[in-house]
Amino acid sequence: MHSVCFQHSDAFCLQLNTNNSWNHIAKTDETYKKKSAKGGLGSLFTYFVLLFMAWTEFGSYFGGYVDQQYRVDGEVRETFQINMDISVKTPCKWLQVNVRDETFDRKLVSKELVLEDMIFFVPGHAKLNDMKSIVSPNMDTILGEAIPARFRDTPSSELSGGDGCHIFGSIPVNRVSGELHITAKGMGYRDSQKAPISEVDFSHVFNEFSYGVFYPYINNPLDNTARLSDANTLVAYRYDTSIVPTVYEKLGAIVDTNQFAVSERHYTLNGHGSTRGISAPGIFIKYDFEPLSIVIRDERISFFQFVVRLVAVLSFIVYIASWIFIILDTALVSVLGPKWSLRYQTDSPSRNILD
């Protein structure tokens, strides 16, 4: 190693290796290098956003998303089922239940249902003389409550007498628009007996009313609602229901239900002719089918789509973050000076390279 100095100056000396090659590349002094705290905060924020977006994408991939579609109901069905659990303030011996549809087919369904005497009362949880607000349940609620069941076939031996009748069961009917009529014998339909007016009172409680497969845990618009009429008055209650077939699908599980909307009207009869087409007291439930059906399905994207989406989203965030960093740093330097730069900071006095 040899040192070569220029005349009149001791400051410029170069060291020469024995192989005559230069070994001189000046390195920046450590005092001129310092990490920026502001830039570090920006990086931490960017990493946080990246982790959040990655977590969101993983959640959408494993959790799926709900796809709701409306389609023309093309499924042909000859019959469907009406499920009911109703308490009426009239003794069972004076009641009859009929179904009449638009094909003029009338069916006496009293023998297909269970009618048992009871003491009529209104449960405390029932909505009295008012309609419940209709809330569409979400998919997980439906799948958790869609447990099929059936009514018992015989009346309870513990119940006897009383001023009311407990009517429950499931009845198959033609899948066309029709009406369900709960009336008193000799009123509305001919019968060998006629109920005395003093024992006819169509105050009632809907414990359960639904269409299709009987799922007792699924809440329907008429469930737990009650109507009370004044004493010694003959009242006709009319319910208009519009049925929309609804299918829920998730991870291979399929639940076929029938949602319905309902409106209610009631008329006080004076015993002289009909009132708005209704000439007899009773409970009249009209059902009609919408031409559309709803399919609510839990969907999941493929793994390849998930990877493409994840890479695209994260790359876009990094690209945007880098440009935001550059633009903000340039603006701070231009307006407030170099000491506000996000890229570097120096808290030591400037030094000349020759010092």
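The values are calculated or read from the model by the stated rules, or taken from the named source; none is laboratory data. Since this is a predicted model, take the numbers as computed values, not measurements. For neighbour counting, all protein chains shown are included, and Cβ atoms are generated from backbone atoms with ideal geometry for every residue, glycine included.
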Original post:
Within segment 144-162, is there a residue that is surrounded by 19 or more Cβ atoms within 10 Å (Cβ to Cβ) and not basic (Lys, Arg)?
Top reply: no
**OP:** Could you please tell me which pairs satisfy a Cβ distance under 6 Å, a separation of 6+ or placement on different chains, a first residue in segment 258-274 that is within 22 Å of residue 128 (Cα to Cα), and a second residue that is surrounded by fewer than 12 Cβ atoms within 10 Å (Cβ to Cβ) and modelled with pLDDT of 90 or more?
**Re:** none
Original post:
Within segment 268-291, can one find any residue that is outside the structural domain of residue 59 (by TED's automatic domain parsing), modelled with pLDDT of 85 or more and exposed (fewer than 12 other Cβ atoms within 10 Å of the Cβ)?
Top reply: yes
Original post:
For segment 42-104, list the strands (runs of 3 or more DSSP E) that sit wholly inside it and hold at least 3 residues that are free of Cβ contacts under 8 Å to residues at least 12 places away in the same chain; which are they?
Top reply: none
Subject >> Filtered residue count, segment 57-93, keeping only those that are at pLDDT 90 or above, in contact with an Asp or Glu (Cβ under 7 Å, 6 or more places away or on another chain) and of a type outside the set (Asp, Glu) >> reply: 6
Original post:
Among the residues of segment 117-135, is any over 21 Å from residue 239 (Cα atoms), assigned by TED's automatic domain parsing to the domain that holds residue 243 and among the hydroxyl-bearing types (Ser, Thr, Tyr)?
Top reply: no
**OP:** Could you grab me the full set of residues in segment 236-259 that are under 20 Å from residue 283 (Cβ atoms) and of a type in the set (Lys, Arg)?
**Re:** 238
Original post:
Which one is modelled with the lowest pLDDT among residues in segment 326-355 that are under 21 Å from residue 46 (Cα atoms) and in a loop (DSSP other than H, G, I, E, B)?
Top reply: 345
Original post:
How many residues are surrounded by 17 or more Cβ atoms within 10 Å (Cβ to Cβ) and touching a Gly at 6+ places or on another chain (Cβ under 7 Å) if we restrict to segment 115-143?
Top reply: 3
**OP:** State yes or no: is residue 154 in the same structural domain as residue 267 (by TED's automatic domain parsing), of a type in the set (Ser, Thr, Tyr) and touching a residue at least 60 places away in the same chain (Cβ under 8 Å)?
**Re:** no
Original post:
Would you say residue 71 is surrounded by fewer than 13 Cβ atoms within 10 Å (Cβ to Cβ) and of a type in the set (D, E, K, R)?
Top reply: yes
Original post:
Would you pick out the residues in segment 163-174 that are modelled with pLDDT of 90 or more, out of contact with any Leu (no Cβ under 9 Å at 6 or more places or on another chain) and either crowded, with 16+ Cβ neighbours inside 10 Å or acidic (Asp, Glu) (or both)?
Top reply: 164, 174
